[in-house]
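Asker: Have a look at this one.
The values are calculated or read from the model by the stated rules, or taken from the named source; none is laboratory data. Please read all numbers here as calculations on a predicted model, not as lab measurements. Positions of Cβ are backbone-derived with ideal geometry, glycine not excepted, and every protein chain shown enters the neighbour counts.
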Amino acid sequence: MIIREGKTDIEVFNEFSNGPGKASTGFYNKVMEVSRDMTVGLLSTIHSGKALDGMAGTGIRGIRIAREAGWKVVLNDRNPRNASLMKKNAEMNGVEAEIMTADFMCAASSTKWDYIDLDPYGTPAGNVEAAISGLKDGGILGVTMTDTANLEGNTIMKGYRIYGSTSLKGEFSRELSTRIFVKYAIERGASLGRSGKVLLCIRDGHYIRTFVQFKKGNRVSDHALSTLKKVVVDGREIGPLYTGKLYDTETLRKIDISHLSERSRKIFGNFWNEDLMFLFHMNDYNGREINMTRIIDSIVARGYRAGRTNFNDKGIKTDIDPLEYRALISSL
């Protein structure tokens, strides 16, 4: 079957539209469209270079990077059937792409890259260091994890073993898990003498994705580590996790969202709110839910900034003082 995403047409063997789907040859997951949209949007703001789509599958992400962002792309997948499929898909879209069938670590170390994409089925643990090592100084890593249950659900102790941090179930879990995942990437970079600068993050559906730019230097690496801290949430010590900004404002300003999917544009709109505060306020008071728009409008009327968050459908990000927020919401 032929699928169209963005400006790209690809042939796929299986299509999934909910959750992670089932890992199989030539499968396409519609849920991950936002992730791919943001990849193209981000790389379109940067002078084109050489990118590795390290676990390319059908080739959809790498082909879109080449076709829509103008980068030179290498498509890698150790499954020979996927390799044949992504070669066919590249030719279908008029994209000249080198095809590799190597293990990810071998592909990442084959040269130095301006951008590496690591999008496994499950956890990227064990491959992140190889990806960072394969980047040029100032190169960018786009990395996904789909084992969110290990930081948000019933297997949090497994998440501690993998990511080295204690998380928490509940209303704040999606932001906490995202910050732990970013922490993990920054730690891996620091161990290699590289400082990680977070450009943007996505927490959508069943996955977390972050884009981090890595620069060489022990001093800057030490500074990056200073953003990794333990925090107290609901009376429990959580972390360590990343406490810095999740979005680089200059990067967001450059991204053209006009050609992205409707869902991507909606999610992108909330990016501007996420760094207004650590975590967020909920829209309830004494067990009574207050209309979200009414709360946001009331905060803005007082001269503050406020908006929705992608981390919780009932959460509000704002720069208003917490005590003033509680007083305001109690009056509505």
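Asker: Within segment 5-104, which strands (runs of 3 or more DSSP E) (wholly inside it) include 1 or more residues that are charged (D, E, K, R) and crowded, with 24+ Cβ neighbours inside 10 Å?
Answerer: 50-53
Asker: In segment 281-323, how many residues are farther than 19 Å from Ile202 by Cβ and outside any loop (DSSP other than H, G, I, E, B)?
Answerer: 21
Asker: State which residue pairs qualify: first residue at positive phi and touching a residue at least 24 places away in the same chain (Cβ under 8 Å) and inside segment 66-91, second residue outside any helix (DSSP H, G or I) and surrounded by 15 or more Cβ atoms within 10 Å (Cβ to Cβ) in any location, beta carbons under 7 Å apart, and separation of 6 or more residues or different chains.
Answerer: Pairs that qualify, where the first residue is at positive phi and touching a residue at least 24 places away in the same chain (Cβ under 8 Å) and the partner is outside any helix (DSSP H, G or I) and surrounded by 15 or more Cβ atoms within 10 Å (Cβ to Cβ), are Gly70/Ser48.
Asker: Condition first: more than 21 Å from the chain's Cα centre (by Cα), modelled with pLDDT under 95, assigned by TED's automatic domain parsing to the domain that holds Leu199 and aliphatic (A, V, I, L, M). Can you find one or more residues in segment 14-31 that meet it?
Answerer: no
Asker: Give segment 271-280 a look and list any residue that's part of a helix (DSSP H, G or I) and farther than 16 Å from Tyr304 by Cβ, or say none.
Answerer: If the condition is that a residue be part of a helix (DSSP H, G or I) and farther than 16 Å from Tyr304 by Cβ, then Phe271 is the only one that fits.
Asker: Taking Asn93 as the residue in question, decide whether it is farther than 25 Å from Lys215 by Cα and not aliphatic (A, V, I, L, M).
Answerer: yes
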